[in-house]
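Q: Have a look at the structure that comes next, please.
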Amino acid sequence: MTPEEIEYAVSAGMPRAVEDLTRLVAIPSVAFPGHPEEAVHAAAAMTEELLRSTGLPHVQRIPVEGSFPAVYAEAPAPPGAPTVLLYAHYDVQPAGDESLWRTPAFSPTLIDGRLYGRGAADDKSGLISHVLALRAFQGRFPVGVKVIIEGQEEYAGERLERFVERNPELVRADAIIVADTGNPAVGDPAVTTSLRGLAAFTVEVRTLKEALHSGSFGGAAPDALAALIRVLASLHDDNGDIRVPGLPRGVFLGTGPSEEEFRATAGVVDGVALSGSGPLADRLWASYAITVTGLDVPTVRGAVNAVQAVARARVTVRVPPGSDPSAAAADVVGHLRRAAPWGVQVQVTDQVLGSGYLADTGGRARSALNRAMKRAYGRSPRDIGSGGSIPLVATFAKLFPAAEILLFGAEDEEAAIHAPNERVDLQELCRTAVTEALFLADYAEL
């Protein structure tokens, strides 16, 4: 197919792709404990249906121990052609506080060329971009194609890592496209070359056998919530820089956003300073970051006059590429224990680890991607980092050191992934699929 034929085929397939994405987003496929498992399995079934619609001759759901099924598909490579693995995930984050959504989280709504709903961007857009690109070839693929779509990336994705480590030949490829990132802004092409890793855990502070009346015991009984607040506050200095020993700053060899761009994208309230110091690219993509992502304490509405016996927090540490997430977790936990006042009991549970990734940007696949993206967007892409983590990427890099891993997708910095009012720009979805299809054709010629 010529580039013009590919562009036409992808554009012609957009109405069907938007219908598919709308149906997929309507499935609340939250793979977190406590959410209905039926919806996750329904999303797996629809993923299988979508991959079959591309003309791939082999499609199947694969059980993953302790997790939801992955969906796998493949087509053999034409003689002499390379093989490309395509990755995305069909599970999504929980909706969170529904009152903060302008449209219902699982009732996908099209507004001004953008589809709103949980997972519309992260990462059901990645799945649909693969489907849209593959459909353009009508079953006559220029390269060997393998597809693996994960069912529990947002929660404990390391389970698929173990599966892949035990079955490396299933996903072995010359190049790997991970459609779970995006551009700094709509229409601003970029390739993600750096991913921070992850270390997350729950910290519990206990001071009493049970809560006590604050009027009778307050002033002498140690308050677990006050102790937890002091412990968490010790993680950062007054400027917002990390105080934990052993977590040095890093340097990102590329251009990051300006402070004005970042403030606008992040929605920082006027008069509020950004956290930390140094270049934003270093802070966002090459250095450690520590965030308290949840608290188990009495709500304001349900509060009673009591000294709390126990309080918990979920702590997430973003780990620079090349650094050990296990060591980072140990450093942070050690600091929290040292900072605990009054001899309170500190317990750490539910630890999750994921490694970061730093790409080699000079290979044949990357050159083909640069050409494809320049044609789709009208300009060449730039390298960016991501503060997030995709656990499987580091596993791919370890198992297949000769394979080029290419991270791009239809998400953008204003897509509100993991937040209320998530959305995907449909033109960006089209450009992403055009890029992928052009890449497959170009890479086959190499």
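The values are calculated or read from the model by the stated rules, or taken from the named source; none is laboratory data. Values in this document were obtained by computation on a predicted structure and should not be read as measured data. Glycine gets a Cβ as well: all are built from the backbone with ideal geometry, and neighbour counts include every protein chain shown.
Q: Looking for whichever is free of Cβ contacts under 8 Å to residues at least 40 places away in the same chain and either over 30 Å from VAL310 (Cα atoms) or not in a loop (DSSP other than H, G, I, E, B) (or both) here; the options are GLU204, GLU161, GLU169. Which one fits?
A: Exactly one residue qualifies, and that residue is GLU169.
Q: Only one of (1) in the same structural domain as VAL84 (by TED's automatic domain parsing); (2) over 30 Å from PHE252 (Cα atoms); (3) part of a loop (DSSP other than H, G, I, E, B) is not met by ASP188, so which one is it?
A: Here ASP188 clears every test but (2).
Q: Of these, GLY246, GLY240, GLY278, GLY250, which one is part of a loop (DSSP other than H, G, I, E, B), among the small types (Gly, Ala, Ser), more than 30 Å from VAL304 (Cβ to Cβ) and touching a Pro at 6+ places or on another chain (Cβ under 7 Å)?
A: GLY250
Q: Could you list all residues from region 89-108 that are part of a loop (DSSP other than H, G, I, E, B) and either touching a Lys or Arg at 6+ places or on another chain (Cβ under 7 Å) or of a type in the set (Ser, Thr, Tyr) (or both)?
A: Residues satisfying the conditions are TYR90, GLN93, ALA95, THR103, ALA105, PHE106, SER107.
Q: Considering every residue within region 203-223, establish whether at least one is closer than 30 Å to ALA286 by Cα and at pLDDT 95 or above.
A: Yes, because at least one residue in region 203-223 is closer than 30 Å to ALA286 by Cα and at pLDDT 95 or above.
Q: Next question, about the same structure. Identify the residue in region 17-62 that is part of a strand (DSSP E or B) and not polar (S, T, N, Q) and, among all such residues, is farthest from LEU438 (Cα to Cα).
A: Only one residue tops the list, namely VAL30.
Q: With the condition kept exactly as written, say whether any residue in region 424-439 is buried (at least 24 other Cβ atoms within 10 Å of the Cβ) and part of a strand (DSSP E or B).
A: Within region 424-439, one or more residues are buried (at least 24 other Cβ atoms within 10 Å of the Cβ) and part of a strand (DSSP E or B).
Let's see how each residue does on (1) more than 30 Å from THR207 (Cα to Cα); (2) touching a residue at least 40 places away in the same chain (Cβ under 8 Å); (3) crowded, with 20+ Cβ neighbours inside 10 Å:
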site	(1), (2), (3)
ARG249	yes, no, no
LEU253	yes, no, no
VAL272	yes, no, no
ASP282	yes, no, no
ALA303	no, no, no
ARG314	no, yes, no
VAL319	yes, yes, yes
GLY322	yes, no, no
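Q: Another question about this same structure. Would you mind listing the strands (runs of 3 or more DSSP E) fully within region 339-408 where at least 1 residues are closer than 17 Å to THR193 by Cβ and at pLDDT 95 or above?
A: 404-407
Q: While we're here: So in region 191-205, with the set limited to residues that are of a type in the set (Gly, Ala, Ser) and crowded, with 23+ Cβ neighbours inside 10 Å, which one is farthest from THR265 (Cα to Cα)?
A: Checking each candidate, the answer is ALA199.
Q: Scan region 109-131 for residues that are surrounded by fewer than 24 Cβ atoms within 10 Å (Cβ to Cβ), of a type outside the set (D, E, K, R) and outside any strand (DSSP E or B) and jot them down.
A: GLY113
Q: I'd like the full set of residues that are more than 17 Å from PHE396 (Cα to Cα) and of a type in the set (Phe, Trp, Tyr), limited to region 154-211.
A: TYR155, PHE201
Q: Right, something else. Is it the case that region 3-16 has a residue that's surrounded by fewer than 23 Cβ atoms within 10 Å (Cβ to Cβ) and not in a helix (DSSP H, G or I)?
A: No: zero hits.
Q: Now, a different point. For LEU232, indicate whether it is part of a helix (DSSP H, G or I) and in the same structural domain as THR202 (by TED's automatic domain parsing).
A: yes
Q: Let me ask you something else. Quick check: anything in region 307-316 in a loop (DSSP other than H, G, I, E, B), modelled with pLDDT under 95 and small (Gly, Ala, Ser)?
A: So far as region 307-316 goes, no, none of its residues is in a loop (DSSP other than H, G, I, E, B), modelled with pLDDT under 95 and small (Gly, Ala, Ser).
Q: Related question: Among (1) outside any strand (DSSP E or B); (2) crowded, with 17+ Cβ neighbours inside 10 Å; (3) of a type outside the set (Asp, Glu), there is one condition PRO78 misses while meeting the rest; what is its number?
A: Among (1) outside any strand (DSSP E or B); (2) crowded, with 17+ Cβ neighbours inside 10 Å; (3) of a type outside the set (Asp, Glu), the lone unmet condition for PRO78 is (2).
Q: So how many residues does region 409-423 have that are of a type in the set (Gly, Ala, Ser) and either part of a helix (DSSP H, G or I) or surrounded by fewer than 24 Cβ atoms within 10 Å (Cβ to Cβ) (or both)?
A: Residues that pass the stated criteria total 2.
Q: Given the options ARG263, ARG243, name the one that is closer than 27 Å to SER389 by Cβ, without any contact (Cβ under 8 Å) to a residue 60 or more places away in the chain and among the basic types (Lys, Arg).
A: Exactly one residue qualifies, and that residue is ARG263.
Q: Out of (1) of a type in the set (D, E, K, R); (2) under 30 Å from SER367 (Cα atoms); (3) assigned by TED's automatic domain parsing to the domain that holds GLY409; (4) out of contact with any Leu (no Cβ under 7 Å at 6 or more places or on another chain), what's the single condition that is false for ARG166?
A: (2) is the only condition that ARG166 fails.
Q: Need the failing condition index for VAL186 against (1) at pLDDT below 95; (2) touching a helix residue (DSSP H, G or I) at 6+ places or on another chain (Cβ under 7 Å); (3) not basic (Lys, Arg), just the number.
A: Among (1) at pLDDT below 95; (2) touching a helix residue (DSSP H, G or I) at 6+ places or on another chain (Cβ under 7 Å); (3) not basic (Lys, Arg), VAL186 violates only (1).
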